[in-house]
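The values are calculated or read from the model by the stated rules, or taken from the named source; none is laboratory data. Quantities reported herein were computed from a predicted structural model and do not represent experimental measurements. Here the Cβ is made from the backbone with ideal geometry for all residues, glycine too, and neighbour counts use every protein chain on show. Areas reflect the complete protein model, heavy atoms only, side chains present, ligands, DNA and RNA absent. Shrake-Rupley method; radii C 1.70, N 1.55, O 1.52, S 1.80 Å.
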Amino acid sequence: MRTGQGPVVPSGVIAAVSTYEDAQRTVDYLRSYGMDGADLEVVGAGLRQASRRQLVPVARLAGMNALLGAVLGVLAAVFITLVAETTLTGLAVVLWGIVYGALLGGLWGLFRGLVRNRPDAITTEVLPTRYEVRCPADELSVAQTLLADAADIDDGRVEREVIADAPQLEEEHRNAA
């Protein structure tokens, strides 16, 4: 047995829904009628891989880089004020540092945004297309009966499919994939 997992119990699919919230409502409904919550599982099925690219608007990229340039300009101006002798006062050197830093940072951000506006990281996620509510095989008929009588939670917004013969559905999904 793998670490962190309980014993493997044969389970059957009692409902297949499109969102996790609907699956959780189904589990809550079954628990309210006395089924053990530890035996009920919500399993993501029909997994697909989704990649998202988030493009940053050019103006936002230029503004963020101008702010970063201004901060770096202040740091450089403070260093110059402490180390070098200039004819300007310390405040004037800091103000010139802010101006030049913001100008260079803004231009760098504008260049980066216009020429190569690519996201730094592409996020890749594995998402289920549907969620299955499962229970142990010996409690399958009780759960199916409860869900068949569930007129109070089946309000038409949820596509709920009560499965009479769970092994056939699982075989169909394996053949489709």
The condition of being in contact (Cβ under 8 Å) with a residue 60 or more places away in the chain and open to solvent by 70 Å² or more (accessible area, probe 1.4 Å) holds, among R60, R25, R116, R31, only for R25
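Rundown of residues vs (1) open to solvent by less than 50 Å² (accessible area, probe 1.4 Å); (2) assigned to a helix (DSSP H, G or I); (3) modelled with pLDDT of 85 or more, yes/no style:
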{"position": "V93", "(1), (2), (3)": "yes, yes, yes"}
{"position": "F111", "(1), (2), (3)": "no, yes, yes"}
{"position": "D120", "(1), (2), (3)": "no, no, no"}
{"position": "R134", "(1), (2), (3)": "yes, no, yes"}
{"position": "D154", "(1), (2), (3)": "no, no, no"}
| said: So, T124, is that one assigned to a strand (DSSP E or B), open to solvent by 50 Å² or more (accessible area, probe 1.4 Å) and within 30 Å of S18 (Cα to Cα) or not? | reply: yes
Among residues of region 45-57 being surrounded by 14 or more Cβ atoms within 10 Å (Cβ to Cβ) and of a type in the set (A, V, I, L, M, F, W, C), the residue farthest from the chain's Cα centre (by Cα) is V56
Being under 30 Å from R130 (Cα atoms) and either touching a strand residue (DSSP E or B) at 6+ places or on another chain (Cβ under 8 Å) or open to solvent by 50 Å² or more (accessible area, probe 1.4 Å) (or both) narrows V78, V42, V83 down to just V42
